[in-house]
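Reviewing the structure listed below.
Just so it is clear, none of the values below were taken in a lab; they were calculated from the coordinates. The shown structure was predicted, so the numbers you read here are calculated from the model rather than taken from an experiment. Cβ coordinates were reconstructed from backbone atoms using ideal geometry, including for glycine residues, and neighbour counts include every protein chain displayed.
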Amino acid sequence: MKLYITPGSPYARIARIVVLEKRLEHRVEVVVAQTRSVDSPYYRIAPSGRVPCLVRDDGVGLEESAAVCRYLDHLDGKPEFDLPADDGMWEALRLGALATSLLDGLSVWLRETRRPGNEQSPGIVRHETDRARRLVDLWETEIDCPTMQGKLNLAQIALICALGLEARNRDFRWREGHPRLRVWCDRLAARPSIAATVPPEAR
């Protein structure tokens, strides 16, 4: 199988972490895709141009990080990242949605700052800056929830990938005033799968 990614995509990073956690390196080849360019060969593989995209052994492409991760997790018949079967499912879904909200907003913010200066929208940047501030403030308390402190799960992975965007957006300075979140992030960042997928820093 081939997993198409871009090194800076936090969504692709989620899938890359699952590949490493599940020890699937021998079954999944990670391929850097050329996106956001006219007539890229990648568009023949994934017409949407999005990453991640997993091309399965049968040649069928699978997009969207949650779907890709679920497929990868079930390959060996021993899923590790399924939602809890008890009431913990709703807490995992709630926290996963909060992590994804932060990730989505940060991605919009980052894309906006990558535009030429005369094409950027100060309103969008301000909106996403404020959204990130509110969510990081919320995560300073939510990070103590058992779901975020226990066994590695997709909510944790989504959040660490969101916070990791500080490497690509120097205006995303979330660490000050959030000691519990900082400790959590630094502890998880030492995990081999997390450390091996750190995004490139902004230039």
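Beyond 24 Å, what share of the Cα-Cα pairs of the stretch 88-191 remains, rounded to the nearest whole percent? Summing the P(r) tail past 24 Å for the stretch 88-191 gives 23 percent. Once you order the gyration tensor axes a ≥ b ≥ c over the Cα atoms, which shape class does the stretch 61-131 get: rounded for a/c under 1.5, otherwise prolate or oblate by comparing a/b with b/c? Oblate, because a/c is 1.5 or more while a/b does not exceed b/c. Across the stretch 1-119, the mean sequence separation of Cα contacts (distance under 8 Å, 6 or more residues apart), normalised by length, yields a relative contact order of 23 percent.
Membrane-span-like helices of the chain, defined as complete DSSP H segments with a Cα extent of 27 Å or more along the helix axis and a mean Kyte hydropathy of at least -0.5, are identified as 88-113.
Simple spin-label estimate for ALA66 and ARG191 gives 1.9 nm between the two label positions (7 Å along the Cα-to-Cβ direction from each Cα). Sorting the segments 124-130, 162-168 by their residues' average number of neighbouring beta-carbon atoms within 10 angstrom, most packed first, yields 162-168, 124-130.
Taking the DSSP beta bridges with both ends in the chain, the antiparallel portion is around 60 percent.
A full extension of the chain between ARG175 and ILE124 corresponds to an added length of 16.1 nm, given 0.36 nm per residue minus the alpha carbon distance. The sum of -39500 (n - 2.57) across all DSSP H runs of n ≥ 4, divided by the residue count of the chain, sets its helix-only mean residue ellipticity at 222 nm to -15000 deg cm²/dmol. Under the criterion of Cα pairs below 8 Å and six or more residues apart, the relative contact order for the stretch 88-191 equals 35 percent. Checking the a/c ratio against 1.5 first, then a/b against b/c, what shape does the Cα gyration tensor give for the stretch 1-109? Judged from the Cα gyration tensor, the stretch 1-109 comes out oblate (a/c at least 1.5, b/c at or above a/b). Binning the alpha carbon pair distances of the chain at 10 angstrom intervals from zero yields the distribution 8, 34, 36, 19, 3, 0, expressed in whole percent.
Sorting THR6, THR197 from the fewest to the most surrounding beta carbons within 10 angstrom yields THR6, THR197.
Between SER48 and ALA167, the contour length at 0.36 nm per residue exceeds the alpha carbon distance by 40.2 nm.
Working ranking of peptides 10-17, 182-189 by packing, defined as the average number of other Cβ atoms within 10 Å per residue, highest first, is 10-17, 182-189.
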